[in-house]
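Accompanying notes for the structure given below.
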Amino acid sequence: MIEVPIFDQTGKKLESLQVDEGKLGGTVHKSLLKQTLVAYHANKRQGSVRTLARGEVAGSTRKVFKQKGTGNARTGGIRNPIKKGGGHAKQKRPKDWRQAIPKKVRRLARNSAILLKLQSSDIRVVDDITLSEPKTKLMAQVYKALGIDRSCLLALNGRNEMLARSARNLDRTTVTTVSQLNAWDILNNRTLLLTKAALQEILA
């Protein structure tokens, strides 16, 4: 069991919550996390590169000058790869870099990432966040009270336009919902910020 402190938005500790590691897979599967992150990274690649071969470049096929007697190196047309503006000797074609990640693997990787954050104390759980108006300054005060000074992933248990608008302009902050949590976002941010309801939804 891992003891997770619950704070209010002013940074005051209210209670502690016992989290059963078994609900998050029991152990951190590091090799699975590596495999999943590589797949997420590969899926971000466009793969739209394309170069022209010598047969696709515009230009004459006439031999530039005769084979012998000019003192120049032997050469053919102006479209060959050694000429400026010629085709590529090893042309590149569009490629799909996507790697399929099964749903069960994605869930297990997400749980391992959350468990890793719990074990390294890089998670902050607040009882609730209530703001009087959608203002970045108010959310920045919450961050300061909770000791968040680096990149942060704010995961809400549902759509909350007030919090989303207040946090989206904060530097190095990503706002998401529990249903959209994934290992890539969790590990790409130093701190995972959750509400108590969001953590209970994950454990459920």
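Taking GLN67 and the conditions (1) loosely packed, with under 11 Cβ neighbours inside 10 Å; (2) in the same structural domain as ASN188 (by TED's automatic domain parsing); (3) not hydrophobic (A, V, I, L, M, F, W, C), which numbered condition does it fall short on, given that it satisfies the others?
Of everything listed in (1) loosely packed, with under 11 Cβ neighbours inside 10 Å; (2) in the same structural domain as ASN188 (by TED's automatic domain parsing); (3) not hydrophobic (A, V, I, L, M, F, W, C), GLN67 misses just condition (2).
Can you name the strands (runs of 3 or more DSSP E) wholly within the range 121-204 that have at least 3 residues being closer than 20 Å to LEU14 by Cβ?
Passing ranges, in order: 123-126, 152-156, 191-195.
Could you check the range 148-170 and list, in sequence order, the residues that are loosely packed, with under 13 Cβ neighbours inside 10 Å and either at pLDDT 90 or above or farther than 18 Å from ARG190 by Cα (or both)?
Residues satisfying the conditions are GLY158, ARG159, GLU161.
Can you tell me how many residues in the range 1-21 are within 26 Å of the chain's Cα centre (by Cα) and either assigned to a helix (DSSP H, G or I) or among the acidic types (Asp, Glu) (or both)?
Going through the range 1-21 one residue at a time, the tally reaches 1.
Just to check your reading of the model, which residue among LEU115, LEU156, LEU193 is in contact with a Cys (Cβ under 9 Å, 6 or more places away or on another chain) and either under 29 Å from ASN43 (Cβ atoms) or among the aromatic types (Phe, Trp, Tyr) (or both)?
LEU193
Could you say which residue among ARG110, ARG98 is under 30 Å from ALA140 (Cα atoms), among the basic types (Lys, Arg) and within 25 Å of the chain's Cα centre (by Cα)? It would help to see each step written out before you state the result.
Numbers: ARG98 fails: under 30 Å from ALA140 (Cα atoms).
Only one candidate passes the filter, namely ARG110.
Just to verify a result, which residue in the range 78-110, among those that are surrounded by 16 or more Cβ atoms within 10 Å (Cβ to Cβ) and in contact with a His (Cβ under 9 Å, 6 or more places away or on another chain), is farthest from GLY22 (Cα to Cα)?
So the residue we want is ALA109.
Is it true that some residue in the range 82-103 is touching a helix residue (DSSP H, G or I) at 6+ places or on another chain (Cβ under 9 Å) and of a type outside the set (A, V, I, L, M, F, W, C)?
Within the range 82-103, the subset touching a helix residue (DSSP H, G or I) at 6+ places or on another chain (Cβ under 9 Å) is 97-101.
Within this subset, residues satisfying the condition of being of a type outside the set (A, V, I, L, M, F, W, C) are 98-99.
Yes, the range 82-103 contains a residue that is touching a helix residue (DSSP H, G or I) at 6+ places or on another chain (Cβ under 9 Å) and of a type outside the set (A, V, I, L, M, F, W, C).
Please go through the range 22-59 and pick out each residue that is part of a helix (DSSP H, G or I) and touching a helix residue (DSSP H, G or I) at 6+ places or on another chain (Cβ under 7 Å).
Scanning the range 22-59 gives LYS23, LEU24, LEU32, LEU33, THR36, LEU37, TYR40.
The values are calculated or read from the model by the stated rules, or taken from the named source; none is laboratory data. What you see is a predicted model; the values in this text were computed from it and never measured. Neighbour counts run over all protein chains shown; Cβ positions are idealised from the backbone, glycine included.
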